[in-house]
Amino acid sequence: MKKLILSLLLFTKLFADQGTGVESLSPELRALLSQEMLALEKGMHSIFSDIISGNYEEIVITAEQIQNSFILKQKLSPSQRKELQTKLPKAFIHLDQGFHESAGELVNAAEFEDKKLSIEIFTKMTNTCVKCHSTYAKSRFPNF
Ligand code: HEC
């Protein structure tokens, strides 16, 4: 009986860990992810203000910062990088990569002071926040 309960517990734990992968990250990596997210939110707020006031130079600076804040590229030890790659689903990594590519596109659009394109890319980036959160951030944002 004890054995059965133990295997049940193990099974439940394995099952729970499979979740989205985000919950199974080490506390340090999860804190880094959270830090990146808060920086992203701040960056997106200022890009919004800069778009509506035609402040393209600032958009270029912020979008570049977002492009380089890529968690997979930054301040990670080799074992942390491996942890991210093994624990996070491929679709998550793909969304994150796509998002940072959009930030690069926004840098170009803002350098050309292209208002229409800047707005389009900003909207695309916002959609990616929502898309990723509604699949992978449900424990942080239960309303999704
Ligand atoms: C590739 C996936 C992905 C993308 C893209 C993404 N996020 Fe997140 N975000 C997450 C996950 C996962 C969490 C929850 C992390 C957790 O539960 O520890 C999160 C959490 C957050 C948080 C809460 C952080 C905290 O600890 O309080 C904010 C704010 C946030 N994201 C903003 C954004 C914004 C703004 C964008 C788009 C510009 C964005 N995110 C794009 C995956 C993503």
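None of the figures in this text is laboratory data; all of them are computed from the coordinates on show. Only a predicted model underlies this, so the values are computations on that prediction, with no experimental measurement involved. When we count neighbours, we look across all protein chains shown, and the Cβ atoms used for this are built from the backbone with ideal geometry, even at glycine.
What to note about this one:
- Measuring between alpha carbons in the structure, the pairs from Lys75/Lys138; Lys82/Lys124; Lys42/Lys138; Lys42/Lys90; Lys90/Lys124; Lys115/Lys138 lying more than 23 angstrom apart are Lys75/Lys138; Lys82/Lys124; Lys42/Lys90; Lys115/Lys138.
- Space enclosed by the convex hull of the alpha-carbon atoms of the range 29-144, per residue, Å³: 96 Å³
- Here each label is just a point 7 Å from Cα along the line to Cβ, and for Met44 and Leu117 those points are 2.3 nm apart.
- One decimal place: the segment Thr128-Lys82 gains 14.1 nm when fully extended, by the rule 0.36 nm per residue minus the C-alpha distance.
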